[in-house]
1. State, to one decimal in nm², a quarter of the convex hull surface area for the C-alpha atoms of the stretch 130-206, i.e. the direction-averaged projected area.
2. Ranking request for peptides 94-104, 294-304: highest mean number of other beta-carbon atoms within 10 Å first, then the rest in descending order.
3. Shape verdict for the stretch 302-346, please, from the Cα gyration tensor: rounded (a/c under 1.5), prolate (a/b greater than b/c) or oblate.
4. So how tilted is helix 93-113 from the main axis of the chain? Cα-based, degrees 0 to 90, rounded to 10.
5. Label-point separation (nm) for Ala437 and Leu52, each offset 7 Å from Cα along Cα-to-Cβ?
6. Could you check the spin-label model distance between Thr730 and Trp268? Points 7 Å from the Cα along Cα→Cβ, value in nm.
7. So for the pair Ile177, Phe35, with labels modelled 7 Å out along Cα→Cβ, what separation do we get in nm?
8. What are the ³J(HN,Hα) couplings of the stretch 495-511, residue after residue, when phi is run through the Karplus curve with 6.51, -1.76, 1.60 and θ = phi - 60°? Round to Hz, x for glycine and proline.
Amino acid sequence: MTGQKITIEYNDRIVRQFMLAAILWSVVAMLAGVFIASQLNFWQLNFQTSWLTFSRLRPLHTNAAIFAFVGNMMFAGIYYSTQRLAKARLASDFLSWLHFWGWQLIIVAAAITLPLGLTRGKEYAELIWPIDIAVATIWVVFAVNFFWTLARRHEKSLYVALWFYIATIITVAMLYIVNHLSVPTSLLHSYPVFGGVQDALVQWWYGHNAVAFFLTTPILGLMYYFLPKAAERPVYSYRLSVIHFWSLVFVYIWAGPHHLLNTALPNWLQLLGMTFSLMLWAPSWGGMLNGLLTLRGAWGRLRTDPVIKFFAAGVTFYGMATFEGPLLAIKSVNAVGHYTDWIIGHVHGGTLGWNGFMAAGMFYWLAPRLWNKPLYSSSLANLHFWIGLVGILLYVSAMWASGIAQGLMLSATTEGGTLLTYPNFLDTLNSIRPLMAMRIAGGALYLTGFGLLTYNLWRTIRGARPVNGRIEIYVEPPDADGKFGLGATFFNAPVIFSALGFVMACVWMFASGWLNILGLFGAILCVLLAVTHYQARAHHWGEWYDRLLLNTLPFTVLTFLAVAAGGLIQIIPMLTIDRRLQTEDRIAPLYTPLELAGRDIYVREGCYVCHSQMIRTLVPDVMRYGDYSRLGESIWDYPFQWGSKRTGPDLAREGGKYPNVWHYRHFEDPRAISPGSNMPAFPWLFKNDTGLGALPTKIRVQRLLGVPFPAWTPGMIDVLAKEQARQISTDLRTAGVYVSPDKEVVALIAYIQKLGKSDPAALPAAAK
């Protein structure tokens, strides 16, 4: 053994902090989830209080589950495993400390602002712009700390888990920054730079891949580290892990459009999203099998070891979720499942079954090592497993059944297909109430399991002495031959064949005529040449990859290119498309100042959580709601409001359907208008004044974004808004309702009555 012997003490304090924070936020997130699930069945639990209403708490629940629970758990696992895989202490104690406290402050800020209605109105991306900047800043702190640690590592090669961490860091940064680009109108409000179909595409490019690269790839990295540790066996197949990583990070990024199937999104994007979603089956199940087969030597401990139980179940749920996702991306299946509880069951199967069980297994494995004390009770941990397993199975089974039932009922027509079998939307909602109650029971059981985990780990660490891991290593002299530059990264057979094959595949998919045929044959030829070259010189491919893993920068660059390619090909054409091409045969008229104020109230109250504004190109949708939606009808919408769940009916054609007084009564007492409704009342809308003072700045920002508002002065905006409000107030007074024109309910009614109105396809001159 040559070199200098040194002792490294790992920074496990930061691991303990993130782990304890994850446990705390897990209980908060799950408690919020059980509460809002109860609100869906028992509307009285909204308490007629703005900050406790379902539509404001639902974003709090999702953000707490994703960013607070899984985020903290992910950081704990990454910091623990990275130090040991790199054989180096975290590069900066200060950056670690800043990362932890910055992240917790972000979570607290979200917990305060979201119930107050301070939101961007985009699913999984609701946080207001100052918090978004804080998220991006803290993520950069995390990235610097991570890559700095890799730069100081004493282990030459990058282990599999580190590949997934690298992909997570660079891809989440790309997704978050692009989707959260906004222009502020005030300290607490902004409009996204994208609108209409562009906003929809960018949002679900982000939304789907937030699941992919925040809830999947980092947890896969943790799987590749902690699962072999728990099983005391090496990863089943290194070659399979290589295929798993590169195919997953390349394919996943293309699948976002499957959230917008059967909508106004251009067909080529829908086909692209569906195709790549189906392709995800192979790499996802390759990773699942690699994990389960790694456990093959530990099956004998499955009956007694709770860690093995949780890991085995977690990886199995990963396989279930990644089978179900591509299944739901098939257009015919999506026609039934989209906008229903089936999607809710799918998401929770991944979050609670995959993320939650992997988190529990990791916590039970880490706690004795971080506090140098045996787990307080393996029996309690085993009880947690069975309670949690029954809970999640009840939950997803109820959501599968209710989602499929509602989807089929909403699509059902009488013989001959001329009439809807269930024309009243509430008939379908009330038919699934028992299943919604089962969801509450399942969620409560799962929450109880994490309550047992909290108690078990509290008893474990109480009175224990925290310890930091130590390792003695020999530091070898730098190896000049190990350097691997960017030139050697790109000019080699694997990269060249992959790049050429990708280009030919794009020509095949997007070209027409003889270019289409050329692209197909070119792609096939590239595959055949690559296979032939690999069979003849496989050792050169292996040597290149081994050398690639010696240098973080080339590996990171290739990873970024793999994940960026799909996003660029999907998004750039939609961002550069002329607005005239979005109008088809109709376009929505511009919002009046009062309607814009009402729309911002609609977004603030989270109405998109339960209502869509997108009538799909499906016959039952058209029969129920009216003519299918066109791109031009949402061209001025910042943010878009196509929705992702229908707990209530679609509102795309709501304007003019009912008189003003109907909407007034509906916001006042939904059950007086729609018996059996679970919609909460909104009494604060009748008390709060509409903030007309902010309208000049909001309209100025929208003009900056390309909305062709006339050059109104602030005085003109005020006069126009007050005049329309007075007209609505007068109409309500005629119907026997007395409300001041300056109340928020008047502005909201103005917006609702605008929905569905359109003009022939002719853009204002300012937009051409």
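Throughout, read-outs are computed from the coordinates displayed, never taken from laboratory work. Note that the coordinates shown come from a computational prediction; the quantities given were computed from them, not determined experimentally. Please note: Cβ atoms are built from the backbone with ideal geometry, for glycine as well, and neighbour counts cover all protein chains shown.
1. Spelled out: convex hull of the Cα atoms, projected over all directions, averaged, 6.1 nm².
2. Order by mean packing, descending: 94-104, 294-304.
3. In terms of gyration-tensor shape, prolate.
4. 20 degrees
5. About 2.3 nm, to one decimal.
6. 5.1 nm
7. 3.6 nm
8. My calculation for the stretch 495-511 gives 6, 5, 5, 5, 5, 5, x, 5, 4, 5, 5, 5, 4, 5, 6, 10, 8 Hz in order.
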